[in-house]
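*Asks:* Pasting in a structure now, in structure tokens, and then I'll have a few things to ask.
Quick note: the coordinates plus some simple rules give every number you see, no bench work behind them. Quick caveat: nothing in here was measured; it's all calculated off a predicted structure. Backbone-built Cβ (ideal geometry, glycine too); neighbour counts: all protein chains shown.
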């Protein structure tokens, strides 16, 4: 039963989008801690994911998921979708620069993208809204995303290798 679910490309596509729906919905209603940001967790999933069957419509679908999460949380419309598309673009850049199975190279590209996102978010909150946030909480939140990158990336690579057999 589980082999049929893993092997079918269409089932993997559906399960991936159900996972995004689940994370976005639970992230909106359950605030587990200040350190787990559901938008960043979804960004890891988007970055580590293998090629989609919806290759031409995939950016539009990602923007739709961002729109959905913005409506649930109350963020300005387009905030989450832009983040999702940023990490999708980073994934496409990593495909052109390195091999798909090279986790270390993907980790460096993801770290660079996460650092850019961290700087933009932290500076925007401090400069535009004049809110002083704890830099320590931000650093822990982003470091936690780097820690969970390897397990998620290895899971996606193992699914891809299993399906090639």
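*Asks:* Quick one: count up the residues across the range 95-113 that are in a helix (DSSP H, G or I) and farther than 16 Å from residue 152 by Cα.
*Replies:* Within the range 95-113, residues that are in a helix (DSSP H, G or I) and farther than 16 Å from residue 152 by Cα number 5.
*Asks:* Sticking with this one: Out of (1) over 10 Å from residue 47 (Cα atoms); (2) out of contact with any helix residue (DSSP H, G or I) (no Cβ under 8 Å at 6 or more places or on another chain), what's the single condition that is false for residue 72?
*Replies:* (2)
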